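One structure is given here, and the rest of the page talks about it.
FYI, it's all coordinate maths here, none of it is from the lab. Values in this document were obtained by computation on a predicted structure and should not be read as measured data. Using ideal geometry, Cβ is built from the backbone for each residue, glycine included, and neighbour counts are taken over all protein chains shown.
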């Protein structure tokens, strides 16, 4: 009976588990900067995400001068933002993966809207191979940078 139940649960959950990839496939040594216009939004768990039609812009020089709130994770924000570059690949639309909703709420991030201009710094796959997906380290908008690696510190 237990074996039948286990097989049934795996059959139902298996495709969803395999469809979602882990963070280990992203290259955290090469931060990528993207900016563009939001084309669609899924504000749901396991993490918020949106499709971004990018404009190919280079990171602004002022990126490292933004005030960056403190977070629980030990992240060198100035180094990451300062070394962010436009991607080598020329995909027009990227899938942007944000943090889980509980973390987005802890940072008081308002859901992005279709048509909104957004900038992000994050990581894609090693050697920029595979799908055009960016795991966001920093969400940039409204004159501020929001770190998403962990929750804010008090």
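Quick notes on this structure:
- In the range 46-66, the residue that is surrounded by the most Cβ atoms within 10 Å (Cβ to Cβ) out of those that are more than 13 Å from the chain's Cα centre (by Cα) and in a loop (DSSP other than H, G, I, E, B) is 59.
- Of residues in the range 71-86 being in contact with a helix residue (DSSP H, G or I) (Cβ under 6 Å, 6 or more places away or on another chain) and surrounded by fewer than 19 Cβ atoms within 10 Å (Cβ to Cβ), the one farthest from residue 126 (Cα to Cα): 78
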